[in-house]
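Before any comments, here is the structure.
The values are calculated or read from the model by the stated rules, or taken from the named source; none is laboratory data. Please read all numbers here as calculations on a predicted model, not as lab measurements. Counting neighbours? That spans all protein chains shown, and the Cβs are built from the backbone with ideal geometry, glycine included. Ligands, DNA and RNA are excluded from the accessible area calculation, which covers all protein heavy atoms including side chains. Shrake-Rupley method; radii C 1.70, N 1.55, O 1.52, S 1.80 Å.
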Amino acid sequence: MAAIMQVMDAAKKIMRQSGNMHQWGEGYPSEAVIMSDIEKDGGFVIEDGGNVVGYFAFLPSPEPTYQKIHDGNWLDDGKPYHVIHRIASLPDAHGIFSSIMNFCFARESNIRIDTHRDNTIMQHNIEKHGFAYCGIIYLASGDERLAYQKLRQTL
């Protein structure tokens, strides 16, 4: 848990340095949130040389905050999906987002993800990996997030 929380702190610093001053406020994500991911079999670490360099949550639907989307529509609102949350990595770790996408799409063909409007780094990665912008969702706190979805074609 200590290594995961170090990754989270590093990710927050990257966000602040890139102008994202409001996402992941003080105390979020907490150890309790991470433990909840793990208890749901949805919390994953990325290791390099035995050291934790990244973390993400990969959880099955339904995601309560995705029930209603504003100013747009999901690409497919009928099939089950997985959601990716809490992507974080150390600043000197590279290829983390691609590794996460490869892992997740090997397990699910319908994935949704969201991010803060000020998180331009995450928006770039999401769009670079073929996700379509679908609209705006609101967290339980009322905070706005940009929502994306990608459907991998299955044979």
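In table form, for the structure just shown:
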quantity: From the options G135, G130, residue that is touching a His at 6+ places or on another chain (Cβ under 6 Å) and either of a type in the set (D, E, K, R) or under 12 Å from Q149 (Cα atoms) (or both); calculated: G135
quantity: Any chance I38 is surrounded by 17 or more Cβ atoms within 10 Å (Cβ to Cβ) and either on the phi > 0 side of the Ramachandran plot or of a type outside the set (F, W, Y) (or both); calculated: no
quantity: Residue within segment 102-111 that is part of a strand (DSSP E or B) and either farther than 24 Å from R16 by Cα or in contact (Cβ under 8 Å) with a residue 40 or more places away in the chain (or both) present; calculated: yes
quantity: Answer residue from segment 5-18, given it is of a type outside the set (S, T, Y) and open to solvent by 40 Å² or more (accessible area, probe 1.4 Å) and is farthest from I84 (Cα to Cα) among those; calculated: Q17
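A quick yes/no check of all residues on (1) within 21 Å of R117 (Cα to Cα); (2) in contact (Cβ under 8 Å) with a residue 40 or more places away in the chain:
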residue: A3; (1), (2): no, yes
residue: D9; (1), (2): yes, no
residue: V33; (1), (2): no, yes
residue: I38; (1), (2): no, no
residue: G42; (1), (2): no, no
residue: W74; (1), (2): yes, yes
residue: P80; (1), (2): no, no
residue: F97; (1), (2): yes, no
